[in-house]
Amino acid sequence: MFLGLFHCRAVKKKQDTAGAVPQDDVSTYLGQWTFDFGRSSVGWLKVRQEDGYLDADLMWGGGGVFYGLPYVYVSGNKLYLGRNPRRAVLTKDEEGNPALTRNIPTWIELKAEGDKISGYYFSPKANGIGLDSVHIRGTRLPELPPAPDISSLKFGEPIKLIPNDNDLTGWRLIEENLTNGWSVKDGILTNDPVQVEGEPTIRYGNLRTEQEFEDFNLKVEVNAPPRSNSGVYLRGMYEVQVADSYERPLNWGGSMGAIFTRITPTVKAEKPAGEWQELDITLCNRHVTVKVNGVTVVDNQPLEGATGGAIQSDPFAPGPIYLQGDHTAISFRNLVLTPIIH
């Protein structure tokens, strides 16, 4: 019911010379889009036409990919995308429990001009007066190229990403205002995001290389403590999941070697928590191969777009290796990146 409430509007359409009203141009929006919003957030959108209806998948900022939106439609020259409502507490009882709540609808309005797209994310204020909005600007993604022949790739000189065994040379925090939990000792890069019980939560930062890279092979050893959750981001765009997943079923959100919420490993190859494990990752022509402890778990699969937490939206631009440090403790060693020569 709320679709009509928030989107009903009088639309005056121009008639062509024959007097007919032109149809809404759905084809303008079909395909994939990569975009930026807010201060430094990245998103991805895929719009597709099914049998008699439109549907879309969306990655918005720090979360996973949401497959299938509440509503998708084109009206006039704009694309409208529904998102799940947010729950707002309007009043509380004497004990502080919610007494009156509302589900506040949120949505996105976009307009395409050629291969560019722009618009806003809208969120009504809980008191019913006014809208919060976030500006969106993006670009159409070209079709994915064919999968590369991994066996024929040519490589340059290996780059040791921890050049000094006892300091963070070559690395810096992405969020300079957050606390640094990272350190290097005896060649081991460790994140230790300690929280003190009873005190305010400390926000810890993610770590990135100073250098930026194009296509490459990356070898890294990781030690994931019990219940740990981290990730290795390729080019600052695609998260390879690093986690204690030994006793968990395969899934695309928490399994070692998964491409976060995009690609599920085909087989479990991780070791128990606390043991050193090997990741061997190849990124080439927007395709990725991941080996965990010598076993191929993602085999030359296409990367449609960025994953949650990405720091850049252009899949053709060089980007850093970045390590997720805002969740739990994790350790890495022997990070070696070898560029691919095209």
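The values are calculated or read from the model by the stated rules, or taken from the named source; none is laboratory data. Predicted, not measured: the structure shown is a model, and the values here were computed from it. Don't worry about glycine lacking a Cβ; one is built from the backbone with ideal geometry, like all the others, and counts go over all protein chains shown.
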_So for the range 182-204 (the condition being assigned to a strand (DSSP E or B), surrounded by 20 or more Cβ atoms within 10 Å (Cβ to Cβ), among the aromatic types (Phe, Trp, Tyr) and more than 21 Å from the chain's Cα centre (by Cα)), does at least one residue qualify?_
yes
| task | Check the range 215-228 and report whether any residue there is among the polar types (S, T, N, Q), modelled with pLDDT under 95 and either in the same structural domain as Gln324 (by TED's automatic domain parsing) or not in a strand (DSSP E or B) (or both). | result | yes
In the range 67-93, anything under 18 Å from Thr261 (Cβ atoms) and either outside the structural domain of Ile136 (by TED's automatic domain parsing) or without any contact (Cβ under 8 Å) to a residue 12 or more places away in the chain (or both) is listed as Tyr67
Over the range 216-275, the set of residues basic (Lys, Arg) and surrounded by fewer than 24 Cβ atoms within 10 Å (Cβ to Cβ) is Lys219, Arg227, Arg248, Lys268, Lys271
Scanning the range 29-57 for residues that are over 15 Å from the mean Cα position of the chain (by Cα) and either assigned to a strand (DSSP E or B) or of a type in the set (Ser, Thr, Tyr) (or both) gives Tyr29, Gly31, Val47, Arg48, Gln49, Tyr53, Leu54, Asp55, Ala56
Practice problem: For the range 268-283, indicate whether the set of residues that are farther than 19 Å from Gly254 by Cβ, assigned by TED's automatic domain parsing to the domain that holds Tyr246 and assigned to a loop (DSSP other than H, G, I, E, B) is non-empty. | Solution: no
Within the range 128-145, residues being free of Cβ contacts under 8 Å to residues at least 12 places away in the same chain and not hydrophobic (A, V, I, L, M, F, W, C) number 5
With criteria (1) under 21 Å from the mean Cα position of the chain (by Cα); (2) crowded, with 19+ Cβ neighbours inside 10 Å, Glu212 comes up short on (2)
